[in-house]
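Quick notes on the structure that follows.
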Amino acid sequence: MQPTLSRPADSYSPLYFLAALGAGGLAVSFFMWLMFWVPHPGQPVPVFEDIAAAFAGGDAALRGMIAAALLGIAGFAVLSLRSLVWNLGALRAWTRSEAYAAFRASNAETQLLALPLALAMAVNVGFVLGLVFVPGLWGVVEYLFPVAMLVFLGLGGLALWLMGRFLGRVLVQGGFKCAANNSFGQILPAFAFAMVGVGLAAPAALSGVPATAATGLVLSTFFLVTAGLIAAVALVLGLRAMLEHGASVETAPTLMIVIPLLTVLGILTLRQGHGLEVHLGAGGGAADTLLWLTRLLSVQVLFGLFGLLILARMGYAARFLFGAENSPGAYALVCPGVGFAVMIHFWLNQGLVAAGLVEKFGPVFWAITAVALASQAAMVWLLLHLNRRHFGRPRAPVAVPAE
């Protein structure tokens, strides 16, 4: 006798990789506190020694902030790794099922790129953990950059293979259902390529070896272009299908996937710009950075308003967050909030503060920072809430697989 499904997560979907992705993104969002609030002279990112010195010499507020940041980084890193391991095991079992064969023949096949996306995030989180918890890491970081680039190249190759398999099927055999493409779910592959690219851009920004920085710059540019092209095509196709057939309810959270995508691409370009400035003296100034980040933030706000409007009209929260229905696609709501919070930090610190328009740690600074902190706090609650619904004791029927 077949066992009765006891919880939504027992009806597997690759979109559950977004649970690992969201937790990893939250770990990085806590690193933003250290990145912009802890002095780190001598290198562009804070390391263990900077954090220890700030904690030893700081007041109660600074110490409390550092303790909270470290707890958030460690806690959500562990949660991300736990979710990633669970997904890898569940995916392996699922690929031997009849449901997987049907999945491979549908538009939803591109959801498999959530695998390299989550793995690339895991590598980025691992780098953050090394920076804040491993003493002396910066002294050997130049040896780690080539290894990290090889890992990201491997993940990029996996993403290319998965995307190529999908495109090879639909462009040779046909079968892509435009009517079922009424969301921005097909932008997910672009997100995966962007996450690989931002990892490859780290050596371009942080390495003091010109050859390493140049390699990171070239490789990250390839994945930047790849992500941009896929996102542009998917955006047009998805919008056309939605205008004709209406937006898909289960995949409606993907309407805001552009927000985290732009955050990742924005950080990628900032890393590239820093590398160009250090090694070639060709980076843009503070005014150029402010203008670029403001443009990205403006697009994020527009897509956020658009997505929230559609979700409200559909009653999505009442159905899939608080009601009897469950969908793994709900995890796609976490990344936009995290991406928006991270973008606010960069826009404020590397844009407004660097350009001299806002005083660091002044009233305006904290007012803008409060927006980022509110978005971050909301996503902490949302991720934990979704984990309870999907992985805790059964509260609803079987999860609704996303198209």
Residue in region 60-79 that is closer than 28 Å to VAL198 by Cβ, charged (D, E, K, R) and in a helix (DSSP H, G or I) present: no
Could you list, in sequence order, all residues of region 278-322 that are surrounded by 13 or more Cβ atoms within 10 Å (Cβ to Cβ), of a type in the set (Gly, Ala, Ser) and closer than 25 Å to PHE17 by Cα? GLY304, GLY307, ALA317
Among (1) under 21 Å from TRP33 (Cβ atoms); (2) within 24 Å of the chain's Cα centre (by Cα); (3) small (Gly, Ala, Ser); (4) surrounded by fewer than 18 Cβ atoms within 10 Å (Cβ to Cβ), where does GLY64 come up short? (2)
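Could you please let me know if ALA56 is assigned to a helix (DSSP H, G or I), under 27 Å from LEU137 (Cα atoms) and either touching a residue at least 12 places away in the same chain (Cβ under 8 Å) or touching a strand residue (DSSP E or B) at 6+ places or on another chain (Cβ under 7 Å) (or both)?
no
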Hey, LEU276 of a type outside the set (S, T, N, Q), farther than 19 Å from ALA377 by Cβ and at pLDDT below 95 or not: yes
Inspect all residues belonging to region 1-17 and state whether any of them is at pLDDT 95 or above, in contact with a His (Cβ under 9 Å, 6 or more places away or on another chain) and either surrounded by 14 or more Cβ atoms within 10 Å (Cβ to Cβ) or farther than 24 Å from VAL198 by Cα (or both). yes
Of (1) closer than 14 Å to ILE267 by Cα; (2) not in a helix (DSSP H, G or I), ALA247 fails just (1)
Where in region 82-179 are there helices (runs of 4 or more DSSP H), lying fully within it, with 3 or more residues that are surrounded by 14 or more Cβ atoms within 10 Å (Cβ to Cβ) and among the aliphatic types (A, V, I, L, M)? 114-133, 141-172
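Applying the selection to region 32-53, what residues are assigned to a loop (DSSP other than H, G, I, E, B) and either surrounded by 13 or more Cβ atoms within 10 Å (Cβ to Cβ) or in contact with a Gly (Cβ under 9 Å, 6 or more places away or on another chain) (or both)?
Across region 32-53, the qualifying residues are VAL38, HIS40, GLN43, VAL45, PRO46, VAL47.
The values are calculated or read from the model by the stated rules, or taken from the named source; none is laboratory data. Every value quoted in this text rests on a predicted model; they were computed, and no experiment measured them. Counting neighbours? That spans all protein chains shown, and the Cβs are built from the backbone with ideal geometry, glycine included.
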